[in-house]
Structures are given as C-alpha cells and as structure tokens.
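This report concerns only the one structure given below.
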Amino acid sequence: MEKLFYTVGEVAGILGENSSAVRYWSNSFSRYLHPTRNGKGDRRFTKEDVETFKRIHFLLKSQGMTLEGAAKALAADRNAGVDRNVKVLESLRNMREQLAEIRKTL
C-alpha cells in the first residue's frame, strides 16, 4: 500500500539528502511544492511532491543547475505538460467524433 503523505525525513531518505536540504528546497520551490502541515506544524508531502523533489534533485545534483536554472526548467516542464494535455484532449475529442460517425453508419 502506497503512502499518502511523506515526512521531510522520508523524502530526504528517498533522495539520499539531508533533511535541511529538503526543507530548503521546499521553501525555494514553493511554486511547485505544496506541503500540508500536521498538528505539530511538520510538513507532509504527497507522492506528486516527492516526484517533483526527484526532478529538483536531478536538476541540481546531476545536471549542476542553479536554483534559478532548476526553477526555469520546472516551469518549462510544466508548460510542456499543459501543451501535451491540450493535444491529448483534442485528439480524444476527434476520436469521439469519429466513433460517433461510425456508430451512425451501423
């Protein structure tokens, strides 16, 4: 069973980083990460947040980008994702119309 929320320490363990780096990235990339807080005020991250952390880690550590460069790369990824989703939706609408036409001929 997959977890719904991950603590800072769990995210740090997944990435092989220390907890302070995860907290710093959480603050630096707040546009892309949206942790909730528990009753004690501890951050809780979703699976999507963990995937974003993995991308941030890759950009910073493997690609050697700066924080600003990584933020620009994430923004470009997000925009590309939106464009991709628009194309997929358009394609699905076209398929639906084609199926409706086929159904009429049956």
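The values are calculated or read from the model by the stated rules, or taken from the named source; none is laboratory data. Keep in mind that this is a model prediction, so the values were computed, not measured. Using ideal geometry, Cβ is built from the backbone for each residue, glycine included, and neighbour counts are taken over all protein chains shown. Accessible surface areas use protein heavy atoms only, side chains included; no ligands, DNA or RNA. Shrake-Rupley method; radii C 1.70, N 1.55, O 1.52, S 1.80 Å.
Below is a table of values for the structure above.
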{"read-out": "Every residue from the stretch 14-41 that is open to solvent by 60 Å² or more (accessible area, probe 1.4 Å) and not basic (Lys, Arg)", "value": "Ile14, Gly16, Asn18, Ser20, Tyr24, Asn27, Ser30, His34, Thr36, Gly39"}
{"read-out": "Positions within the stretch 42-70 being among the hydrophobic types (A, V, I, L, M, F, W, C) and surrounded by 16 or more Cβ atoms within 10 Å (Cβ to Cβ), in sequence order", "value": "Phe45, Val50, Phe53, Ile56, Leu59, Leu60, Met65, Ala70"}
{"read-out": "Qualifying residue in the stretch 32-41 (condition: of a type in the set (Phe, Trp, Tyr) and touching a Pro at 6+ places or on another chain (Cβ under 7 Å))", "value": "no"}
